[in-house]
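Participant: To start, I am sharing the structure in question, which I have written as structure tokens.
The values are calculated or read from the model by the stated rules, or taken from the named source; none is laboratory data. The structure presented is a predicted model; accordingly, all values stated were derived computationally and were not measured. FYI the Cβ positions are ideal-geometry reconstructions off the backbone, even for glycines, and counts take in every protein chain you see. Surface accessibility is based on the protein's heavy atoms, side chains included, excluding ligands, DNA and RNA. Shrake-Rupley method; radii C 1.70, N 1.55, O 1.52, S 1.80 Å.
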Amino acid sequence: TDHLADQSLLKKMFPIDIYSGGKEHTVGHLLYARFIHKFLYDQGYVSTPEPIKKLIHQGMVLGTDGRKMGKRYNNWVDPLEVIKEFSADALRTYLMFMGPVEQDKPWNDNALKWVAKFLTRFEHLASEEFLVAQDNETTQKLDSLLHQTIKWVSYDLEHLKLNTVVSKLMIFVNASYENGQISTGQLAILTQLIAPLAPDLADR
């Protein structure tokens, strides 16, 4: 064959929109990904000079002592134990809530418990205490904030501002509790917004 790979597939796949990886793997990102791709480009095998449009170096999760988490410092957290005690959704949502994706972030058990409590509060909105089948004057008080939340969360997800996604969902859940009621339609939208963070909960 005269081609390294199917050219139509290469044009469809490259450049990759976004690639996320830890900064400790910089050699892999810059040497293996970019150097080899640029060599293939110079040889005419691929049609794009860069393999990736945007590279994000996600921060590391640090131990509670502020050092890199690991067995070396005996400051590591067993994710399976966290999932067992709280849930996979709580762990996933907490990791997103810890801070900006690019920054290193220390583990905080109290913050994890706070996030788990938030998910419990969200789930409780589906109870008879809050949920009503049809919109009414009370639930309509949430409409403006719901529309703002849709806009904010959509923007922040697209720009990987995951910590602020969680905080804005928290604001709406708190407002729902203060309001005393939420409609099934409003809760359905809220469930769609929280699904990327807590898919198991959203699927119930």
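Participant: Consider only pairs whose beta carbons are under 6 Å apart and that are at least six residues apart or on different chains; among these, list those whose first residue lies in segment 103-125 and is touching a residue at least 40 places away in the same chain (Cβ under 8 Å) and among the basic types (Lys, Arg) and whose second residue is part of a helix (DSSP H, G or I) and open to solvent by less than 20 Å² (accessible area, probe 1.4 Å).
Facilitator: Arg121/Val173
Participant: Those residues that are more than 13 Å from the chain's Cα centre (by Cα) and among the acidic types (Asp, Glu), I need them from segment 79-126; list them, please.
Facilitator: Glu81, Glu85, Asp104, Asp109, Glu123
Participant: If Arg204 satisfies all but one of (1) in contact (Cβ under 8 Å) with a residue 40 or more places away in the chain; (2) touching a Lys or Arg at 6+ places or on another chain (Cβ under 8 Å); (3) open to solvent by 90 Å² or more (accessible area, probe 1.4 Å), what's the number of the condition it fails?
Facilitator: Of everything listed in (1) in contact (Cβ under 8 Å) with a residue 40 or more places away in the chain; (2) touching a Lys or Arg at 6+ places or on another chain (Cβ under 8 Å); (3) open to solvent by 90 Å² or more (accessible area, probe 1.4 Å), Arg204 misses just condition (2).
Participant: Checking the conditions here, which among Phe130, Phe97, Phe172, Phe118 is aromatic (Phe, Trp, Tyr) and in contact with a His (Cβ under 9 Å, 6 or more places away or on another chain)?
Facilitator: Details: Phe97 fails: in contact with a His (Cβ under 9 Å, 6 or more places away or on another chain); Phe172 fails: in contact with a His (Cβ under 9 Å, 6 or more places away or on another chain); Phe118 fails: in contact with a His (Cβ under 9 Å, 6 or more places away or on another chain).
Answer to the selection: Phe130.
Participant: Related question: For Leu31, all conditions in the list (1) of a type in the set (A, V, I, L, M); (2) surrounded by 12 or more Cβ atoms within 10 Å (Cβ to Cβ); (3) in a helix (DSSP H, G or I) hold save one; what is the number of the exception?
Facilitator: Just one mismatch for Leu31, condition (2).
Participant: Within segment 169-177, identify whether any single residue is modelled with pLDDT of 95 or more and under 26 Å from Met60 (Cα atoms), and answer yes or no. Spell out how you get there, then give the answer.
Facilitator: Within segment 169-177, the subset modelled with pLDDT of 95 or more is 169-177.
Narrowing the set further to residues that are under 26 Å from Met60 (Cα atoms) leaves 169-170.
Within segment 169-177 (the criterion being modelled with pLDDT of 95 or more and under 26 Å from Met60 (Cα atoms)), the answer is yes, since at least one residue qualifies.
Participant: Given the criteria within 28 Å of Lys168 (Cα to Cα) and of a type in the set (Gly, Ala, Ser), does Gly44 qualify?
Facilitator: no
Participant: Looking only at segment 139-180, filter to residues that are among the charged types (D, E, K, R) and surrounded by fewer than 14 Cβ atoms within 10 Å (Cβ to Cβ); which one of those is farthest from Gly99 (Cα to Cα)?
Facilitator: Within segment 139-180, the first condition is being among the charged types (D, E, K, R), and the residues that meet it are 141, 143, 151, 156, 158, 161, 168, 178.
From what's left, surrounded by fewer than 14 Cβ atoms within 10 Å (Cβ to Cβ): 143, 151, 158, 178.
On the way: Asp143: 28, Lys151: 20, Glu158: 16, Glu178: 27 Å.
Here the residue is Asp143.
Participant: While we're looking at this one, here's another question. Would you confirm whether or not segment 38-45 contains a residue that is among the polar types (S, T, N, Q) and surrounded by 13 or more Cβ atoms within 10 Å (Cβ to Cβ)?
Facilitator: Checked segment 38-45: no residue is among the polar types (S, T, N, Q) and surrounded by 13 or more Cβ atoms within 10 Å (Cβ to Cβ).
Participant: Follow-up. Could you say which residue among Lys84, Lys71, Lys53 is at pLDDT 95 or above and open to solvent by 70 Å² or more (accessible area, probe 1.4 Å)?
Facilitator: Details: Lys71 fails: at pLDDT 95 or above; Lys53 fails: at pLDDT 95 or above.
Answer to the check: Lys84.
Participant: Take Met60 and tell me if it is under 25 Å from the mean Cα position of the chain (by Cα), surrounded by 12 or more Cβ atoms within 10 Å (Cβ to Cβ), of a type outside the set (S, T, N, Q) and more than 27 Å from Lys105 (Cβ to Cβ). First the steps, then the outcome.
Facilitator: On the way: under 25 Å from the mean Cα position of the chain (by Cα): yes; surrounded by 12 or more Cβ atoms within 10 Å (Cβ to Cβ): yes; of a type outside the set (S, T, N, Q): yes; more than 27 Å from Lys105 (Cβ to Cβ): no.
So Met60 fails the test.
Participant: To continue, here is another question. Just checking: which of the helices (runs of 4 or more DSSP H) contained wholly in segment 68-168 hold 3 or more residues that are farther than 30 Å from Glu24 by Cβ?
Facilitator: Fully inside segment 68-168 and qualifying: 109-124, 143-158.
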